[in-house]
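I have a structure here, written as structure tokens, and I will follow up with some questions on it.
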Amino acid sequence: MIRSDFRPEAFIGILLLVILGSGCTSEQEMPPSPPTLTPFPPYLVIGMSESAAPLVDLVSAPYEALDGRPAPLFVTGNDETLLADLEQGVFEAVIVHHLPADSPMWFSPVALDGVVFLTNPDLGLGNLSKSQVQAIFGGSIVNWRTVGGPDLPVKLYSREPGSGAMAILQEQIMANVPYSSLAQVAPDDEFMRQAVATNPGAIGFSMMGSAGGGNVILFEDHAATTDKVGGQLYPLTTPIYFVARNEPEGELREFLAWLQSPDGQIVLGEKYGKVR
């Protein structure tokens, strides 16, 4: 039954208002367009030996200052682990102190460094020979009086297996002599410096470029300096290798070229021996 007061024109007007109102609400609830994002500049991701970490601070700012290009993103770690990660494609390149003789990787030296020995200052020692170092870290010399020091037990600090410094020391000094099982493992160079400095009778080893602040003694009557290491006059001189899966191209090649350029070598020469 149709009511007598029903007015079709009023109903149509109300219906139009509802439809228009719904349209406005839908338009207002639409999400805003996403903002346009400026992409981050591409970074080279390079693994860096923990014992070569000072190199990062040396090169980052000067490289960025060339023409505003971003410096590589450096990730520090153990030499052996970094090389394994490079092989798996984690890094575009790595910078390490030690490269196995049978490595299939492409490499080129960018600087020269050297293994150095740190002793507690109270020992009063100024120099150690190759045979003495071998006997000390091998555990056959257990008291410093044997090498002209005080009557004090030798307290050894070493690095973890896979460390570049430890691998170099094993190859060039220890040979077939195993490290003493009494050596305490230092996880990094900072720990090594602090432990040796604060423990009577302590001795450890590091790399010249990262040994700042430690009591570095002579080895075979030679001091590890940038000039002597650069001239390969220090007995435990070793290259710092730039390693990649294949010969670098593009931005990676440009970074390597700058490291080996006269300008790059001046920067690296603040802490390391030059290769150019």
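The values are calculated or read from the model by the stated rules, or taken from the named source; none is laboratory data. Bear in mind the structure is a predicted one, so any value in this text is a computation, not a measurement. Positions of Cβ are backbone-derived with ideal geometry, glycine not excepted, and every protein chain shown enters the neighbour counts. What goes into the accessible areas is simple: the full protein's heavy atoms, side chains included, and nothing from ligands, DNA or RNA. Shrake-Rupley method; radii C 1.70, N 1.55, O 1.52, S 1.80 Å.
Filter the stretch 173-197 down to the residues that are open to solvent by 40 Å² or more (accessible area, probe 1.4 Å) and under 23 Å from P54 (Cα atoms) and list them by number. Write out each step before concluding.
Quick first cut of the stretch 173-197, residues open to solvent by 40 Å² or more (accessible area, probe 1.4 Å) only: 175-179, 181-182, 184-185, 187-188, 190-191, 193-194, 197.
Within the stretch 173-197, V185, P187, D188, E190, F191, R193, Q194, A197 meet the criteria.
So, one more: Being at pLDDT 55 or above, open to solvent by 40 Å² or more (accessible area, probe 1.4 Å), under 25 Å from M192 (Cα atoms) and in a helix (DSSP H, G or I) is the requirement here; does T76 meet it? Step through it out loud before you land on a result.
Values: at pLDDT 55 or above: yes; open to solvent by 40 Å² or more (accessible area, probe 1.4 Å): yes; under 25 Å from M192 (Cα atoms): yes; in a helix (DSSP H, G or I): no.
It is false that T76 is at pLDDT 55 or above, open to solvent by 40 Å² or more (accessible area, probe 1.4 Å), under 25 Å from M192 (Cα atoms) and in a helix (DSSP H, G or I).
Select from the stretch 84-130 the residues that are open to solvent by less than 50 Å² (accessible area, probe 1.4 Å) and assigned to a loop (DSSP other than H, G, I, E, B) and list them in ascending order.
Within the stretch 84-130, G89, F91, H97, H98, L99, S103, M105, N120, L125, G126, S129 meet the criteria.
Enumerate the helices (runs of 4 or more DSSP H) found wholly within the stretch 206-276, keeping only those where 1 or more residues are under 30 Å from N120 (Cα atoms) and touching an Asp or Glu at 6+ places or on another chain (Cβ under 9 Å).
226-230
Looking only at the stretch 231-251, filter to residues that are of a type outside the set (A, V, I, L, M) and open to solvent by less than 30 Å² (accessible area, probe 1.4 Å); which one of those is farthest from I136 (Cα to Cα)? Break it down stepwise before answering.
Taking the stretch 231-251 and keeping what is of a type outside the set (A, V, I, L, M), we get 231-232, 234-235, 237-239, 241-242, 245-251.
In the following step, the residues that additionally are open to solvent by less than 30 Å² (accessible area, probe 1.4 Å) were identified as 234, 237-238, 242, 248.
Details: Y234: 20, T237: 20, T238: 22, F242: 32, P248: 42 Å.
So the residue we want is P248.
Here's something else I'd like to know. Determine, yes or no, whether A211 is open to solvent by less than 20 Å² (accessible area, probe 1.4 Å) and free of Cβ contacts under 8 Å to residues at least 40 places away in the same chain.
no
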